[in-house]
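The values are calculated or read from the model by the stated rules, or taken from the named source; none is laboratory data. Because the structure is a prediction, the values reported are computed rather than measured. Quick reminder, even Gly has a Cβ in these numbers, built from the backbone with ideal geometry, and neighbours come from all protein chains shown. Ligands, DNA and RNA are stripped out before the accessible areas are found, and what is left, the full protein with its side chains, is counted by its heavy atoms. Shrake-Rupley method; radii C 1.70, N 1.55, O 1.52, S 1.80 Å.
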Amino acid sequence: MPDLPPIAERAAAPAALPPLTAGRLSWRAATVDDAERVTALNNAMAEADRLPFRETVDEVRDELTAPWVDLASQSMLGFGADGALRAAGFVRTMPGDSTTVRAFVFGGVHPERRGEGIGRELLAWQVARARQLLAASGKELPARIAAFAEDTDTARHRLFERAGFEARRFFADLKRPLGAGAPPVPEVRLTGSLRLVPFSDELDDPARLAHNDAFRDHWGSEPQTIEQWRSGRSEFAPEWSHVVVDDAPDVEALLADASTDASTADALRAGAPLVVAYALNSRYEADFPVRGYTFGYTDVLGTRRAYRGRKAALAALAASMRSFEDAGMDAAVLDVDTENPSGAHGLYASLGYVKEHGSRMYSIEL
């Protein structure tokens with residue numbers, strides 16, 4: 001890691017946050033009781049911008065109640081004279097960040113109130129608050145303020161670019177048809193002591209440790225704490241999820257490997273199961289009418305780096321696809337970083353996944 005000035009200096013945090021005056025809205029911090037209002041606003045924006053997803057109240061409530069979120073200092077809601085929510089801005093940091101400390105900004109303005117400068121002011125408030133949070137983190141690491149936008153949301157692209165963000169990473173939303181007329185889901189045979197098993201509570205934290213190992217060479221990925229890993233699961237489908245375990249891992253070799261993280265080493269010493277690959281999936285029913293088909297969604301998929309090349313992730317994904325198909329879903333869907341270093345694109349293409357949508361991550365690097 002190159003020598004960097006102190007985070008407090010790089011973040012350039014303002015002493016005071018910029019005012020929110022455009023549109024004559026009344027502003028206050030969000031509370032958990034605002035979940036329905038925020039959901040309605042998000043879905044109004046998604047419909048106007050023809051985005052391929054919608055949110056449920058449960059999803060939004062999960063976001064608002066995450067243990068590390070301080071709504072009083074990391075959110076702002078703007079209400080019209082009629083009391084209706086017309087704008088929302090959130091800033092979120094992640095407790096597990098250990099190589100790059102990040103602050104994510106998200107939100108927007110109701111379609112009926114766009115063009116009044118509300119979005120520009122709100123984003124300026126979010127960026128200023130993000131700088132304050134990064135400066136106060138005390139983490140002497142590279143820092144990033146990040147935001148996401150669908151490729152088709154060109155108005156949001158312009159808003160971010162005018163605020164100093166640059167498009168850094170691109171993602172592809174992939175679909176694979178299932179059922180009648182679709183290619184059969186492949187049978188994957190595992191070798192040695194590897195075994196495919198259904199997801200269970202016992203294997204949840206071992207899967208997190210596998211995920212942290214699998215993604216440590218991915219740009220923008222940071223280790224997930226137990227709270228992060230288990231948060232946001234309102235649409236999680238454990239019955240569709242699968243992991244691969246090693247029934248006879250070479251514990252001595254893994255402990256001797258300098259790349260084995262301390263948490264995994266502790267788990268091995270304690271005799272915990274070793275998850276080497278995982279596919280955790282969800283059922284986003286609110287998106288079915290928008291996309292025009294039913295589907296199972298793979299939220300996270302990966303393989304421990306020491307086990308790459310042994311078809312473990314392929315086995316977990318194929319089992320997931322079969323679970324989707326058995327449940328009558330029309331398709332399997334997932335999202336992938338277009339520069340994924342593990343060769344995932346080739347894997348998905350070989351299984352018949354094709355791109356349907358795209359999105360990008362914008363950031364200000366500090």
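Here are the numbers:
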{"item": "Residue identified as among the small types (Gly, Ala, Ser) and either part of a loop (DSSP other than H, G, I, E, B) or surrounded by 16 or more Cβ atoms within 10 Å (Cβ to Cβ) (or both) among ALA155, ALA167, ALA149", "result": "ALA149"}
{"item": "Pairs with Cβ under 8 Å, 6+ apart, first in the range 148-174 and within 17 Å of GLY89 (Cα to Cα), second open to solvent by 40 Å² or more (accessible area, probe 1.4 Å) and among the aromatic types (Phe, Trp, Tyr)", "result": "PHE148/PHE106"}
{"item": "Test for MET321: is it among the hydrophobic types (A, V, I, L, M, F, W, C), at pLDDT 95 or above and part of a loop (DSSP other than H, G, I, E, B)", "result": "no"}
{"item": "Of residues in the range 89-112 being open to solvent by 50 Å² or more (accessible area, probe 1.4 Å) and touching a Leu at 6+ places or on another chain (Cβ under 8 Å), the one farthest from VAL60 (Cα to Cα)", "result": "THR99"}
{"item": "Filtered residues of the range 286-307 (kept if in contact with a strand residue (DSSP E or B) (Cβ under 9 Å, 6 or more places away or on another chain) and of a type in the set (Lys, Arg))", "result": "ARG291, ARG304"}
{"item": "Test set (1) under 18 Å from the mean Cα position of the chain (by Cα); (2) open to solvent by less than 40 Å² (accessible area, probe 1.4 Å) - GLU55 fails condition number", "result": "(2)"}
{"item": "Sole exception among (1) under 29 Å from SER73 (Cβ atoms); (2) part of a helix (DSSP H, G or I) for ALA207, by number", "result": "(1)"}
{"item": "Candidate set from the range 133-146 (those that are hydrophobic (A, V, I, L, M, F, W, C) and not in a loop (DSSP other than H, G, I, E, B)); member that is nearest to TRP68 (Cα to Cα)", "result": "LEU133"}
{"item": "Members of the range 178-201 found to be closer than 23 Å to TYR353 by Cβ, at pLDDT below 95 and touching a Pro at 6+ places or on another chain (Cβ under 9 Å), listed by number", "result": "PRO183"}
{"item": "Flag for VAL290 being under 21 Å from the mean Cα position of the chain (by Cα), not acidic (Asp, Glu) and not in a helix (DSSP H, G or I)", "result": "no"}
{"item": "Single match in GLU36, GLU47 (criterion: within 23 Å of ALA81 (Cα to Cα), open to solvent by 40 Å² or more (accessible area, probe 1.4 Å) and outside any loop (DSSP other than H, G, I, E, B))", "result": "GLU36"}
{"item": "Boolean, ALA316 is crowded, with 20+ Cβ neighbours inside 10 Å, in contact with a Phe, Trp or Tyr (Cβ under 8 Å, 6 or more places away or on another chain), among the aliphatic types (A, V, I, L, M) and more than 23 Å from ALA207 (Cβ to Cβ)", "result": "no"}
{"item": "Residues located in the range 77-88, provided they are crowded, with 19+ Cβ neighbours inside 10 Å and either farther than 22 Å from ARG158 by Cα or more than 22 Å from the chain's Cα centre (by Cα) (or both)", "result": "LEU77, GLY78, LEU85, ARG86, ALA87"}
{"item": "Options TYR307, TYR348, TYR293, TYR353: the member that is touching a residue at least 12 places away in the same chain (Cβ under 8 Å), of a type in the set (Ser, Thr, Tyr), touching a Pro at 6+ places or on another chain (Cβ under 9 Å) and open to solvent by less than 40 Å² (accessible area, probe 1.4 Å)", "result": "TYR293"}
{"item": "Residue under evaluation ALA15, criteria (1) more than 19 Å from LEU133 (Cβ to Cβ); (2) exposed (fewer than 13 other Cβ atoms within 10 Å of the Cβ); (3) of a type outside the set (D, E, K, R), criterion not met", "result": "(1)"}
{"item": "Those residues of the range 269-282 which are under 28 Å from GLY232 (Cβ atoms) and not in a strand (DSSP E or B), in sequence order", "result": "ALA270, ALA272, PRO273"}
{"item": "Verdict on VAL276 being touching a strand residue (DSSP E or B) at 6+ places or on another chain (Cβ under 7 Å), more than 19 Å from PRO177 (Cα to Cα), β-branched (Val, Ile, Thr) and open to solvent by less than 20 Å² (accessible area, probe 1.4 Å)", "result": "yes"}
{"item": "Hits in the range 1-33 - residues which are under 26 Å from ASP153 (Cα atoms) and within 22 Å of the chain's Cα centre (by Cα)", "result": "ALA30"}
